[in-house]
Structure formats: structure tokens, C-alpha cells
Amino acid sequence: MRKTGIVSAAAFLAAVLTASGALAFNPQPEPPAWALVGLARTQLAVLHAVLVQPPDPAQPPDPTLPCALVMSFVDANGNVFHDAAGNEVKREVLLRDDVAASLQLRASDILGTTQLRVPIRPVTTEQPPDPGQPTSCRGLVGTLEVVSPLGFTQLVVVGTYAPIPDQPPDPQ
């Protein structure tokens, strides 16, 4: 069974770094996913994920359970992007306390010859490598970074991940 993460609207923060300062952005009411952002021809998108201690000490993560996570980038229709070699831009990772992982998407790999920019959305999905294997992504924090060709960060989006709980069957 696969669980898709929810980025908490209260913890979701976006900042556009410009010479004049930073602009805040609130994507409400939209979870359940990361926001859609534009990626221009010369830019690089980097999705980072790290498992940290959650803010609620009454519910700490189970240190014996890894966070089994699939990281990817999709288009506005939810289709996973492919790199220049034709491979899906997707990565399966097992995270434990204070361990981070990253996934990169180059705009030049996904843009057509006449396109200047394309909408992208990072996706983080909790997914055990084997069905029935326990996993916990409590305390997962992710960032989406859009980087210029000179290596300057131009956009940062930060979110916390809260797994969707299994729903009990409807008694009726």
C-alpha cells in the first residue's frame, strides 16, 4: 500500500530570493501536494528531503523504522519527467534520523526547443520497498530549490510531510 504525503499548509513556506528581498507565498487551500513552480531553460530544480525530529516530542519517530520515500518531479498533469537519457526523474530512498537525500531536474532535459519555461511539481511519496514492510516518515522536511546557471538559489520552498493515515472502513 502506498501513502502520499501532505505538505502542511501552516508549515509550508515559499520565499523568492531577489535583490530587493524575499516575498512570502501561501499556497492554501491546496495540500495534498507541493506547489507547482515554473522552471526556466537555464535553471536546475533540486528536491531535498531530510528526516529530523518532529516538533511534537510526544510523538517522536520510531528510530527502528526508516522513512521509505520515492522522490520525483512531475508536470502539471502529474506525468513523471524524463531526463535527457530517457530515464524517469525519480529516486527511491531510505532515510533515518538526520540523513538527507536529493534529486535534481535540469530544465534543459525537459524543455522543447521553443519552450522557455515549464511548470514542475516535486512529489514525495511514502512507499515501503516491500508490501507490508513498516515505514515512518514522521519528521520529514523537504525543500525545493531552484538554482540559476551561476549557482545562485532563486527560489526556496519548504514543507513538512505528514503521511495520510489509513482510513478505517466505513461501518455502513
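Nothing in this text is a laboratory measurement; each read-out follows from the coordinates by a stated rule. Source: prediction; values computed, not measured. No Cβ is skipped: glycine too gets one built from the backbone with ideal geometry, and neighbour counts run over all protein chains shown.
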Just need a number here: residues in region 89-99 that are in a strand (DSSP E or B) and hydrophobic (A, V, I, L, M, F, W, C).
3
Within region 106-136, restricting attention to residues that are of a type in the set (A, V, I, L, M, F, W, C) and in contact with a Ser or Thr (Cβ under 9 Å, 6 or more places away or on another chain), which residue is nearest to MET71 (Cα to Cα)?
VAL123
